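As structure tokens, the structure follows; a few thoughts come after it.
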There are 2 protein chains.
Amino acid sequence: MGDELMTGSSQKPLVAAAFGLKPSRYPIWFMRQAGRYLPEYRAVRSKVSFTELCQTPALAAEVTLQPLRRYDLDAAIIFSDILIPCVAMGQTLSFDKGEGPVLSHPVRSQADFAYLKRPVAERDLGYVGEAIAKTKASMRPEQAMIGFAGAPFTVASYMIEGGSSKNFTEVKKLLFTDRSVLTGLLDLIGDVTIDYLTMQVRSGADALMLFDTWAGQLTGLDYREVVFPVTKRVLDTVRQLGVPVTYFPGQGADRLFELAGLGVDVISVDWRTRLSNAQRILQGVGLDVSLQGNLDPQILIGPEAMVRERVRALLSEVRAANPRGHIFNVGHGLLPHTPPESLSWVISELRAQT
Amino acid sequence: MGDELMTGSSQKPLVAAAFGLKPSRYPIWFMRQAGRYLPEYRAVRSKVSFTELCQTPALAAEVTLQPLRRYDLDAAIIFSDILIPCVAMGQTLSFDKGEGPVLSHPVRSQADFAYLKRPVAERDLGYVGEAIAKTKASMRPEQAMIGFAGAPFTVASYMIEGGSSKNFTEVKKLLFTDRSVLTGLLDLIGDVTIDYLTMQVRSGADALMLFDTWAGQLTGLDYREVVFPVTKRVLDTVRQLGVPVTYFPGQGADRLFELAGLGVDVISVDWRTRLSNAQRILQGVGLDVSLQGNLDPQILIGPEAMVRERVRALLSEVRAANPRGHIFNVGHGLLPHTPPESLSWVISELRAQT
């Protein structure tokens, strides 16, 4: 892989930092940087449904590019949703006002599971690849195009609960009373995710990210036994494509203790966890990876001086943690009430300090 | 305090384990052991509102005693709610179906804050003391009566948001743009909590617990700066009453890193965190305390063999963690769909193994 690292994509600061190489400048992007907090996004979104937006390459590319026009960013993440593959698997995705996503036909039995299809990524999810290619054509060469998917457990959670959940009771019912349905579903999603991410790289993704937002909803024991193997399989397979892969193991530090043996380039750290603690835990389980994160996205509602102070505090935290590489980001997605100007303050403070 | 430990209350297994002394048997109780999963609770609850139930000593005592009639437990926790003091402070508490608690007059400005009253615990919250005294009269002498309150930050979160919250945006708005309102509110709740817990001990509580469910919703930096001082003040003050005090620092391991200097007897550990990790983190910050927890309450939907296996696994985990004392419990409150017989399996397995 060494040779490849010296060519094209490693000149992208994000890719270099992800591989633990010295980037030409400090890479920064924001999770959910394309989204409701931007008036130009709301203008596009007012004309189509969320699902249509994801499924129309020209529109998905347009909103993906919007933050790159406003801000001096080192990456774009393709505008999509982690539940888009569930549509290709046979569920219907809708968004209730204020209720979050709703998936039809929740998977709660062997019969529900049998109803699911294994999509052909190029055919059934090709619009995501098209959107990636279209977006990339308008990006600067030093900017990285990030493809992504939900991790098997997090996607399975939504498919089982039929949407968001507080206590993940249906997931736990399967885990504790009908485990083979859960493991079968995780394996299927694992296969689908591998195909889906491979297609994204073939379409031009320079880096990949796997979101496991709800991984923390299990005990360490259950995560390690049921979720870790399929997560590792997905990561091992897609890393062979040669692009760096980031894993977001959900909220809080607990999951970091369970990652021994995981093959991954970057761990994205939630804002609840100090980077120095994250680094110490990861070193304790033998993982030498780059870190991504982890401003509390809510700090962006604060006044400019406070936002700039927190950027400096995070840089001190990175120095204390001393990971092999660091990608500046928020610890979780931007919220709709984020004032757009606050991102400029973060970026300008980062550029001034580094 | 040494003398007192040798008398009455230290013969209670829970009190002994909380103080790091050798208990006469392994203490066990379940958070939210009085509640909706019990048919006899639902029978009482069907006749009165939740708030009336909390405010009527005979009924609160009755439902507090119900699990003690069914199970061989070492403690009862007085049936109440962490938001009951908010009523005495001037907010109105209601429970929307499926929506969780709703508090009127959310505190979002100095003017909202000025509207609040500081209650006189004996007068305005005396019904809780009465319920404690009434309950205790029917308990066996070796069983501990646990009093409790919400910790200042968690109570403040509800008072500010006006109920449950996903992103705690109103709390963060105060934190990042109008901090003195938040710190003023925390200090007031701190004073109210001290009075309230003192009244509970005077009424017969043998142990206290402070629930900080949402403490993990802040960064470590913000928790340490804004929340830790008032939390420490409450704990330092109520520990002078001579009863052991347990602090539940919310979901996940992150908050444990921030507890250096906290005066507390027991840390209650969420089920997301392995006890061995909790113990290592607490030792790292210099806290030598007893631990409480931490079965995933959802394991109780599993079959008997699996429930018993998890009890044994938790006991192994305790041996590996080797804290100065341990109180067997769930890592978070029991859920309404818990099959009542599963608690018997937990208790009988614990008794068989210890």
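Scanning segment A:224-247 for residues that are within 14 Å of chain B (Cβ to nearest Cβ), out of contact with any Phe, Trp or Tyr (no Cβ under 8 Å at 6 or more places or on another chain) and either without any contact (Cβ under 8 Å) to a residue 24 or more places away in the chain or crowded, with 24+ Cβ neighbours inside 10 Å (or both) yields one hit, A:E225. Selection of segment B:248-264 for residues being open to solvent by 10 Å² or more (accessible area, probe 1.4 Å) and touching a residue at least 40 places away in the same chain (Cβ under 8 Å) yields only B:Q251. Determine whether B:A278 is crowded, with 19+ Cβ neighbours inside 10 Å and under 17 Å from the mean Cα position of the chain (by Cα). So B:A278 fails the test.
Suppose the filter is hydrophobic (A, V, I, L, M, F, W, C) and touching a Cys at 6+ places or on another chain (Cβ under 8 Å); does B:A88 pass it? Even if it seems obvious, please write down each step before you answer.
Numbers: hydrophobic (A, V, I, L, M, F, W, C): yes; touching a Cys at 6+ places or on another chain (Cβ under 8 Å): no.
No.
With respect to B:Q353, determine if the residue is at pLDDT 95 or above, in contact with a helix residue (DSSP H, G or I) (Cβ under 8 Å, 6 or more places away or on another chain) and either within 11 Å of chain A (Cβ to nearest Cβ) or surrounded by fewer than 24 Cβ atoms within 10 Å (Cβ to Cβ) (or both). Considered against the rule, which asks whether it is at pLDDT 95 or above, in contact with a helix residue (DSSP H, G or I) (Cβ under 8 Å, 6 or more places away or on another chain) and either within 11 Å of chain A (Cβ to nearest Cβ) or surrounded by fewer than 24 Cβ atoms within 10 Å (Cβ to Cβ) (or both), B:Q353 comes out as yes.
Any chance you could count how many residues in segment B:93-109 are among the polar types (S, T, N, Q), under 13 Å from B:I160 (Cα atoms) and without any contact (Cβ under 8 Å) to a residue 60 or more places away in the chain?
Keep residues of segment B:93-109 that are among the polar types (S, T, N, Q), which gives B:94, B:104, B:109.
Filter once more, so that each one left must be under 13 Å from B:I160 (Cα atoms): B:104, B:109.
From what's left, without any contact (Cβ under 8 Å) to a residue 60 or more places away in the chain: B:104.
Qualifying residue count, segment B:93-109: 1.
Touching a Leu at 6+ places or on another chain (Cβ under 7 Å), touching a residue at least 40 places away in the same chain (Cβ under 8 Å) and buried (at least 22 other Cβ atoms within 10 Å of the Cβ): is that true of A:I160 in this structure? Against the criterion (touching a Leu at 6+ places or on another chain (Cβ under 7 Å), touching a residue at least 40 places away in the same chain (Cβ under 8 Å) and buried (at least 22 other Cβ atoms within 10 Å of the Cβ)), A:I160 qualifies.
Yes/no matrix, rows are residues, columns are (1) open to solvent by 30 Å² or more (accessible area, probe 1.4 Å); (2) closer than 21 Å to A:S203 by Cβ; (3) in contact with a Lys or Arg (Cβ under 9 Å, 6 or more places away or on another chain):
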site	(1), (2), (3)
A:K22	yes, no, no
A:A34	no, yes, no
A:R45	yes, no, yes
A:F50	yes, no, no
A:Q55	yes, yes, no
A:A60	no, yes, yes
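The single condition among (1) part of a loop (DSSP other than H, G, I, E, B); (2) open to solvent by 70 Å² or more (accessible area, probe 1.4 Å) that A:M139 does not meet is (2). Counting the residues of segment B:172-223 that are within 9 Å of chain A (Cβ to nearest Cβ), among the aliphatic types (A, V, I, L, M) and open to solvent by less than 20 Å² (accessible area, probe 1.4 Å) gives 2. The residue that is most open to solvent (accessible area, probe 1.4 Å), counting only those in segment A:285-316 that are farther than 19 Å from A:L73 by Cβ and at the interface with chain B (Cβ under 9 Å from one of its Cβ atoms), is A:P303.
Listed by first and then second residue, the pairs with beta-carbon distance under 9 Å, at least 6 apart or on different chains, first residue in segment A:110-124 and under 18 Å from A:I84 (Cβ atoms), second open to solvent by 80 Å² or more (accessible area, probe 1.4 Å) and outside any loop (DSSP other than H, G, I, E, B), are A:E122/A:R202.
The values are calculated or read from the model by the stated rules, or taken from the named source; none is laboratory data. Note that the coordinates shown come from a computational prediction; the quantities given were computed from them, not determined experimentally. All Cβ positions, even for glycine, are placed from backbone atoms using ideal geometry, and neighbour counts span all protein chains on display. Please note that ligands, DNA and RNA were not included when accessible areas were found on the heavy atoms of the full protein model with its side chains. Shrake-Rupley method; radii C 1.70, N 1.55, O 1.52, S 1.80 Å.
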